[in-house]
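Just so you know, all these numbers are worked out from the coordinates, no wet-lab data involved. This structure is a prediction, so every number in the text was calculated from the model and none was measured. In this analysis, Cβ positions are derived from the backbone assuming ideal geometry, glycine residues included, and neighbour counts consider all displayed protein chains.
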Amino acid sequence: MDRLFKLSKLEQALVQLILLAYTCVVLFPIGIAVLNSLKPNLGEVYKAPFGLPSVWSFNNYATAWVGANFQGFFVNSAIISLACVVIVTFCASTIAFVLVRMPFRGSTLLFAAFLLGVVIPIRLTLAPLFVIVKSLGLLDSLLGVILVQSASMMPVAVFILTSFLRAVPAELEDAARMDGALPFQIYWRVVLPLIRPALATVALLTFVQAWNEYFLPLIFLRTPANYPITLGMSQFRLQFDVQWHLMFAGILIMLIPTIVAFLLASRQFIEGLTQGGVKE
Amino acid sequence: MALKYNQKANLQRIALLAPGVLLYGIFNFAPLLGLFWVSLVEWPGIGPMKFVGLDNFATLFGNAFYRDQLIKAFANNLIFFFIIIGSMLILGTAIALLLSFRSWGRNAYRIIFFLPYPLAGAAVAFLLEMVVRTRGPLNAMLKNFNIIEQPIAFLGDPNLALATLASFYSWHRMSFAIILILSAIVGVRVHLIEAAMLDGAKRWATLKAVVFPVLAPAFVLITVIVMVDVFNNADYTLILMGPEGGPVRSTDIMGTFLFRSAFGGSATSTSVNFGMAAAIGLFTALLILPAALFLALRNLRRKD
């Protein structure tokens, strides 16, 4: 075993060389963005894209933030993402609880209906989805986007939670039922605490996906005041496209929350990938 | 009269199911079924709908204007897919293999390589577009090292734009391949490797005989997920090239074609029809159905 994976000095050097090369590929765009977002003017970006700024212009970030109304976009993205997390964790956990612990006639059919949602992407249903959202009067409202984005994340969430719950013994719940506890109490007092690790994964995946979503808001939102940050960035680009240093600052403002979230929870992200990787 | 326990339990079960079933039913499942119905109407987004039967399909496959767009978008989508999956499987396997050795700092590398994955597709698109501009840093670097004399218009050249967008996708999603392949390598049963090594097999022979065969499931999974994704998701193209998939439709893929048919390519478009969009959506869903069914069956097996 060890002989297969152990490296001699020469091999180690070679492996390091390749890994460092790929590290450069990954970090090059991000590093360039950080460096050039701090330059005082466009000329310096053109002349010496790899040089340090002559003056460290941290106020580029303030300019981008104010100039593009990033504050409003940020708040919209936060509202959408947090609402999706609350709705998806609640709705998916109640469904998973009933499907796994209180199956009924037709529960297999219900499970199959969710299965269909895992495999057929919601983007393809753009036309009927638009008809439904329009007829409910939810076009161009945050509520409409929140409901559609939550619904699009339900299938994967239900899958993660049902498979987790199936692996947990039902003894505690049975004991509670013996004591006369009703499903509401069992769900709230026993099941929710039990599935907390899986709920955390679902919450994380939902938050990141909701924060990053571009297509669904693009379809349903018209008023710039409702835009989340992904659409807001497109607006910003129309205005500042030629001012590269400000563009880089704007892009970084958009990236920072996800990078921070990732560095805080990189282990959960990497595990969530293998669990939630059923659909992108 | 007070309800019996069972009656109460049944009522509460319905109450527990209701929010999730309604949410998913209205905003995800109904649109799926609605594809069949909307594909039979003509509707520009406002005003009354007109029932036209199978006309949308007849136009899509029969009318040269639409058929040519469909063929072009599908062909581009295939090229896009093969560039992505090729780079992800080859580079992903190589990197995962190097990370599985006792290489220094392999945990740090793992985190660095994973960094692009959680970023928003929109942000990645904006960022990498800046990097590959003709006056941008990538061209500047290539010039510094005397690799090129004239800057390359990565996204402006119809011959390069699609491949450039594909490489954006690979940059963003590479860690997905790395992580899945790495966990397959790590999961190889130890005694098989030991047996092979005891037989005196060299490292490369051992890898070939014992490790590579177990990578097949990971390869299939990555291929299927990427296939489903790139045949419906056109974020990079929409953001950077617009719904017309420019330059000269060289980056047009199924997702942009679908979007264009519903919302038009530009403000002056007249031929918008949600029925056509539904027909294209249904056709694309059928195309990716084998891949989708594979994923569904895998999930069903996994739950046991």
| task | Calculate the radius of gyration of the Cα atoms of the protein assembly as shown to one decimal place, then report Dmax, the largest Cα-Cα distance, as a whole number, both in Å. | result | 25.4, 89
| field | Alpha-carbon spread of the range A:9-59, three principal axes, descending order, Å | value | 46, 19, 14
| request: Among A:185, A:149, A:12, determine the one that fluctuates most according to a GNM of chain A built with springs between C-alpha atoms less than 10 Å apart. | output: A:12
| task | Please give the calculated 222 nm ellipticity per residue for the protein assembly as shown, where each DSSP H segment of at least 4 residues contributes -39500 (n - 2.57) and the sum is spread over every residue; nearest 500 deg cm²/dmol? | result | -22500 deg cm²/dmol
| task | May I ask you to derive the FRET efficiency for residue B:78 and residue A:112 from their Cβ-Cβ distance with R0 = 51 Å, giving the value to the nearest 0.05? | result | 0.95
| task | Give the whole-number value, in cubic angstrom per residue, of the convex hull volume spanned by the C-alpha atoms of chain B. | result | 231 Å³
| message | Please list 3J(HN,Hα) in residue order for the range A:7-21, calculated via the Karplus relation 6.51 cos²θ - 1.76 cosθ + 1.60 where θ = phi - 60°; whole Hz, with x for glycine and proline. | response | 10, 6, 4, 5, 4, 4, 4, 5, 4, 4, 4, 5, 5, 5, 4
| query | Once label points are set 7 Å from the Cα along Cα→Cβ at both residue A:20 and residue A:71, what is their separation, rounded to one decimal in nm? | reply | 4.6 nm
| Residue list for the range B:200-225, given a label point 7 angstrom along the Cα-to-Cβ vector of residue B:297 and an amide N cut-off under 19 Å | B:216-225
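What number do you get for the range A:1-144 when its Cα radius of gyration is normalised by 2.2 N^0.38 Å, N = residues? Could the numbers behind the result be given before it?
On the way: Rg = 25.9 Å, N = 144, 2.2 N^0.38 = 14.5 Å.
Taking the Cα Rg and dividing by 2.2 N^0.38 Å, one obtains 1.78.
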| field | Whole-Hz couplings from phi, Karplus 6.51/-1.76/1.60, listed for the range A:153-169; x for Gly and Pro | value | 9, 4, x, 5, 4, 4, 4, 4, 6, 5, 5, 5, 5, 4, 7, 9, x
| Zone of residue A:140 (label point 7 Å along Cα→Cβ, backbone N under 20 Å): which residues in the range A:63-77? | A:72-73, A:76-77
| message | Taking the square root of 5 times each eigenvalue of the Cα gyration tensor, what semi-axes in Å does the equivalent ellipsoid of the range B:36-91 have, largest first? | response | 34, 14, 9
| What Kirkwood hydrodynamic radius, in Å, does chain A give when the mean of 1/r is taken over all pairs of distinct Cα atoms and then inverted? | 22.2 Å
| request: Scan around residue B:41 for amide H atoms under 5 Å from its own, H built in the peptide plane at 1.01 Å from N, and keep only partners 5 or more places away or cross-chain. | output: B:52
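Compute the semi-axes of the equivalent ellipsoid of the range B:16-67, taking the square root of 5 times each eigenvalue of the Cα gyration tensor, and list them largest first in whole Å. It would help to have the intermediate numbers written out before the result.
Working: eigenvalues 190, 32, 14 Å².
Semi-axes from the Cα gyration tensor: 31, 13, 8 Å.
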| remark: Among the range A:39-57, those whose backbone N falls under 14 Å of a label point 7 Å along Cα→Cβ from residue A:242 are A:42-43
| message | Suppose a student asked you for the relative contact order of the range A:23-169, using Cα pairs under 8 Å spaced at least 6 residues apart; what percent would you report? | response | 27 percent
